[in-house]
Amino acid sequence: MRLIPVDMSGVTVMVAQPPQTKMRDKKNGVVAVDPETGGSLMTVDVLFVANGNAEVITVTAAEADISGELATGTPVALTGLVARPWENEFNGQKRHGISFRAAAVTSLVN
């Protein structure tokens, strides 16, 4: 799949929803893991503000790469943020979108 680097210059990012465990299979309670490291993955909903526009996006990162207290409203840095277009078919319906993955999510509050 194609990975598209996201330019973070001039962008303000803050936590909209604190980190949550990413589930591979919610019905059976299977946690999503990084295929390279085997570590658990987390999702963080962030308010992404750029060029006068704001949008909430969900960012995935390894649990070990999320640092600091990430309460709602906390300003954060998203290191190595990439976008990945995806599409799939489920029950005869085609779906598509963009997922976001960060190498690290770090609180900017000391």
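Each reported figure results from applying straightforward, stated rules to the coordinates on display, with no laboratory input. No experiment lies behind these values; they were computed from the predicted model shown. For neighbour counting, all protein chains shown are included, and Cβ atoms are generated from backbone atoms with ideal geometry for every residue, glycine included.
For the reader, a short list of remarks on this structure follows.
- Rounded to the nearest 20 debye, dipole of the chain from Cβ charges on Lys, Arg, Asp, Glu: 340 debye
- Close amide H contacts of V59 (hydrogens built in the peptide plane, cut-off under 5 Å, sequence separation of 5 or more or a different chain): V44, D45, V46.
- Cα shape, the chain, gyration tensor, a/c 1.5 rule: oblate
- Per-residue extension of 0.36 nm, minus the Cα-Cα distance of V82 and A50, leaves a gain of 9.9 nm for this segment.
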